[in-house]
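These notes are about the structure you will find just below.
The values are calculated or read from the model by the stated rules, or taken from the named source; none is laboratory data. Source: prediction; values computed, not measured. As a convention, Cβ positions derive from the backbone with ideal geometry for all residues, glycine included, and neighbour counts pool all protein chains shown.
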Amino acid sequence: MKATIKNLNAYIQARYSDLGLEFVKGEGYFYFVGNDDLYVESIMVYALNRCGYAKWCEMIDGQIYQALLNK
């Protein structure tokens, strides 16, 4: 599967629907919005095509896992 914002947000919704997160692109990084009670660190990768879909999912899982631990 190709790494697109739409596909990655579908992945987040499938795994973490209760968190209400959305993955969006910033200038030179990607970040999470939608849940003011949970701070999820940005992912500092310039463009989606720098990583494959599986790697993006792994990074997203890692960031969300860390945010939940620090909550």
Show the residue pairs that are 6+ apart or on different chains and have beta-carbon atoms under 8 Å apart, the first residue being within region 29-40 and in contact (Cβ under 8 Å) with a residue 24 or more places away in the chain and of a type in the set (Phe, Trp, Tyr), the second being surrounded by 11 or more Cβ atoms within 10 Å (Cβ to Cβ) and not in a loop (DSSP other than H, G, I, E, B).
PHE32/GLU22; PHE32/PHE23; PHE32/VAL24; PHE32/GLN63; PHE32/ILE64; TYR39/ALA67
Looking at the structure I just gave you, is LYS6 outside any helix (DSSP H, G or I) and either at negative phi or among the basic types (Lys, Arg) (or both)?
no
By residue number, the members of region 1-26 that are out of contact with any strand residue (DSSP E or B) (no Cβ under 9 Å at 6 or more places or on another chain), free of Cβ contacts under 8 Å to residues at least 24 places away in the same chain and closer than 12 Å to LEU48 by Cα are LYS6, GLY26
Tell me, please, whether a residue that is modelled with pLDDT under 95 and on the phi < 0 side of the Ramachandran plot can be found in region 60-70.
yes
Restricting attention to region 24-59, the residues that are closer than 13 Å to ILE12 by Cα, assigned to a strand (DSSP E or B) and either in contact with an Asp or Glu (Cβ under 8 Å, 6 or more places away or on another chain) or among the aromatic types (Phe, Trp, Tyr) (or both) number exactly 3
Counting only residues in region 27-71 that are surrounded by 12 or more Cβ atoms within 10 Å (Cβ to Cβ) and of a type in the set (Gly, Ala, Ser), the one farthest from TYR16 (Cα to Cα) is identified as GLY52
Taking the conditions exactly as written (closer than 22 Å to LEU69 by Cα and either among the β-branched types (Val, Ile, Thr) or at pLDDT 95 or above (or both)), does GLY20 satisfy them or not?
yes
Among the residues of region 60-71, count how many are touching a residue at least 12 places away in the same chain (Cβ under 8 Å) and assigned to a helix (DSSP H, G or I).
7
